[in-house]
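The values are calculated or read from the model by the stated rules, or taken from the named source; none is laboratory data. Only a predicted model underlies this, so the values are computations on that prediction, with no experimental measurement involved. Cβ placement follows ideal geometry from the backbone for every residue including glycine, while neighbour counts extend to all protein chains displayed. Protein only, heavy atoms only, side chains kept; ligands, DNA and RNA dropped before computing areas. Shrake-Rupley method; radii C 1.70, N 1.55, O 1.52, S 1.80 Å.
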Amino acid sequence: MAALEEEFTLSAVPLGAGPDGLLGVEQCDKTDQFLITDGGRTVILYKVSDQKPLGSWSVKQGQVITCPAVCNFQTGEYIVVHDSKVLRLWTNEDVNLDKVFKATLSAEVYRILSIPGTEPLVLFKEGAVRGLEALLAEPQQKIETVISDEEVIKWTKFFMVFRHPALIFITEKHGNYFAYVQKFNSSVVSKYTLLLGQEEKSVIQSFTASLCRKFISLMSLSSDGCIYETLIPIHPSDPEKNQHQRVVRSLLLKTVVSGNARNALSVLDQDHVAVLGPSLPASKECLSIWNTKFQTLQISKELPQGTSGQLWYYGEHLFMLHGKILTVIPYKCEMSSLAGALGKLKHGQDPGTQTMPHFVNWETSQGLGSQNAEPSKRILRRRKIEASVQPEVPGSQQLLSTIKKDSEKHIEMELRKFLAIKRTPDFHTVIGDIVIGLLGRCKTEPSFYPRNSLMQLIQMHVLSYSLCPGLMEVALEKTDVQMLQLCLQQFPDIPEAVTCACLKMFLSIGDDSLQETDVNMESVSDYSDAVQEEQMEEQTGILQNGFNPEEDNCDNCDKELSEKPQNTIEETTSCPVIPKRAALLNAVLHSAYSETFLLPHLKDIPAQHITIMDWICLLLDANFTVVVMIPEAKSLLLSLYKFVKSQICICSELNKIEVSFRELQKLNQEKNNRELYSIEVLELF
């Protein structure tokens, strides 16, 4: 039996992602970390358990990443190729890809392949393979051509076979497909032609493979919606005569999806495969798990926002693009048995999934999962018996049904009743499902906006951005600043793009509109007291961090300051915005962020708003060319210059003292003969 668990969002797709989605998702040396490569210029390192990025690297403008970044499991370094021939190596400590190790190769690279236990391999577009170390030792070495003219590599996979690395890659030429297998304890490359069985000629949309004793089990999903299997020998009987053989594709599962160019296939274990594509007969995009041993559909999950036709599998997680969101779906596959294949084992099931919509007709000549086969009377009787003992529908399901059709007032009443019930261990996921249900209706019915219900759910303190990624987008569309403030205060995983969108709204909304809005003023309630304390500190003239703003430390600065016109805007201790706007800005400033991802979005802030924010370093970096040109920022820049200069002087003096103390420590270590009590006088010159 198989089960799909609650999905969660890992990341919105980077802006550089191409029309075909991402270049790849690759596991790192730490099993919980993955490298995500978009279709443009960026590689992002994610930690799945935290659902947050750990780092991001981009190539220069004009350069394009041409194959997915991978991790070298032997060294912990990351490897990527841009512009087909330029190879880069870097580590977590590196910031700029333009300054890391670079090697320009003599031929175009198709893919870098890396698995634990061996060094990475580089597969070139002409079919040649090199170990990474040998290639780095001589980057401009001549690369031979292995495949014939007009052959194009479509897919590849790297295995460890009895502690020896083995590579398989598939090529296509004029509608014919070929498999190349190379073991790296020998230099022999075996070529196989994939022959069609009784089926008509079709286009192969996706490949996947696994090891099956002495064979590579190559599975393919074709445009006719069927899955085929080809067994390719790992050890040719006669390597010299086995340079080009023919192998036949046999039908494994019939019509699992409708013919579509965006279907994908991934093998999960020896008896289960995951299929991404439109289901039959409804033709709705979904993810499904099939049992290949008993040819039964185990479970399926609809994906209403569509996919890119890409599916990655690592451990017990499936990665895919759902709409524009990189989504992770944990899954479980139990050991294959007839009871499990027929759905007789007890298991947990997600409300958004369906199990076993049809069975195989074992009596037909095809014998492979015919969609139109009628179930036997025994199956019908069993279904009637099971239906008679169905458990009571959970309260969350009743509420979700209410959300689909009832009024906002009735939904609000039913929600209060539901929240009064004793909480279950999965309460936070249930609340997330309810919010998603409300947001789904908001999109289909523009006039429907259950604000009170959404505010009540947010105040339960169990939600996060990943549980309800569309909530803040809806609040931005509705200009609901109170809801946005609440989300900023409670959600720990808000993307920086959304944070900046909130910031722009808070800065641009008119004062009159804010005065009529209910905003939490707790963060600015003590503002007047803080101003009073600042004024008292200025009157007493106390040095702060060794810096006195009134002190004359910079002749050039003083000269420029003395030359400034008298009508320059004077510094004041009053807040430059009204208290309600200040409270909203404080909510933004206190939210979690990553400098790498925040910096690009700050460049869109208007110049007149730049000098009132607290992210001063990032804002100056993002808007430096604008800041140096606007007169309002001149005083600010000069004050910053004086402050930094004074801090440098203080650091210099501290460094001198540090040297003196080191010398004292050496003197003390040299004097070993000490009495119980002594007085020593040390002179510093």
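Some points to look at:
- Complete set of residues in segment 287-318 that are outside any strand (DSSP E or B) and out of contact with any helix residue (DSSP H, G or I) (no Cβ under 6 Å at 6 or more places or on another chain): T292, K293, Q295, L303, P304, Q305, G306, G315, E316
Each row is one residue, and each column tells you yes or no for (1) assigned to a loop (DSSP other than H, G, I, E, B); (2) out of contact with any Leu (no Cβ under 9 Å at 6 or more places or on another chain).
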site	(1), (2)
G117	yes, yes
V122	no, no
G127	yes, yes
R130	no, no
I153	no, no
I168	no, no
Y180	no, no
N185	yes, yes
T193	no, yes
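- On inspection, L132 passes the criterion of being out of contact with any helix residue (DSSP H, G or I) (no Cβ under 6 Å at 6 or more places or on another chain) and within 30 Å of Q61 (Cβ to Cβ).
- Residue ID - modelled with the highest pLDDT, chosen from residues in segment 18-38 that are open to solvent by less than 30 Å² (accessible area, probe 1.4 Å) and in a loop (DSSP other than H, G, I, E, B): C28
- From G76, G55, residue being assigned to a strand (DSSP E or B) and either in contact (Cβ under 8 Å) with a residue 60 or more places away in the chain or more than 17 Å from the chain's Cα centre (by Cα) (or both): G55
- Candidate set: segment 129-161, residues that are open to solvent by less than 30 Å² (accessible area, probe 1.4 Å), within 30 Å of the chain's Cα centre (by Cα) and of a type outside the set (A, V, I, L, M, F, W, C); chosen: the one nearest to S266 (Cα to Cα): T156
- Number of residues in segment 396-420 that are part of a helix (DSSP H, G or I) and either closer than 16 Å to R451 by Cα or hydroxyl-bearing (S, T, Y) (or both) equals 14.
- Flag for G259 being surrounded by fewer than 22 Cβ atoms within 10 Å (Cβ to Cβ) and within 13 Å of H322 (Cβ to Cβ): no
- Within segment 110-128, the only residue that satisfies the criterion of being of a type in the set (A, V, I, L, M, F, W, C), farther than 26 Å from T31 by Cα and buried (at least 21 other Cβ atoms within 10 Å of the Cβ) is F124.
- Filtered residues of segment 480-516 (kept if of a type in the set (D, E, K, R), open to solvent by 30 Å² or more (accessible area, probe 1.4 Å) and outside any helix (DSSP H, G or I)): E516
- Number of residues in segment 45-65 that are buried (at least 19 other Cβ atoms within 10 Å of the Cβ), closer than 19 Å to S594 by Cβ and out of contact with any Phe, Trp or Tyr (no Cβ under 8 Å at 6 or more places or on another chain): the value is 2.
- Candidates H174, H164 - the one that is out of contact with any strand residue (DSSP E or B) (no Cβ under 8 Å at 6 or more places or on another chain), in contact (Cβ under 8 Å) with a residue 12 or more places away in the chain and either surrounded by 15 or more Cβ atoms within 10 Å (Cβ to Cβ) or more than 21 Å from E229 (Cβ to Cβ) (or both): H174
- Residues that are loosely packed, with under 13 Cβ neighbours inside 10 Å and in a helix (DSSP H, G or I) were ranked within segment 421-451; the one that is farthest from the chain's Cα centre (by Cα) is T444.
- As for segment 197-206, it holds no residue that is crowded, with 18+ Cβ neighbours inside 10 Å, more than 24 Å from G309 (Cα to Cα) and of a type in the set (V, I, T).
- Residue that is modelled with the lowest pLDDT [pool: residues in segment 177-187 that are in contact with a strand residue (DSSP E or B) (Cβ under 8 Å, 6 or more places away or on another chain) and open to solvent by 40 Å² or more (accessible area, probe 1.4 Å)]: N185
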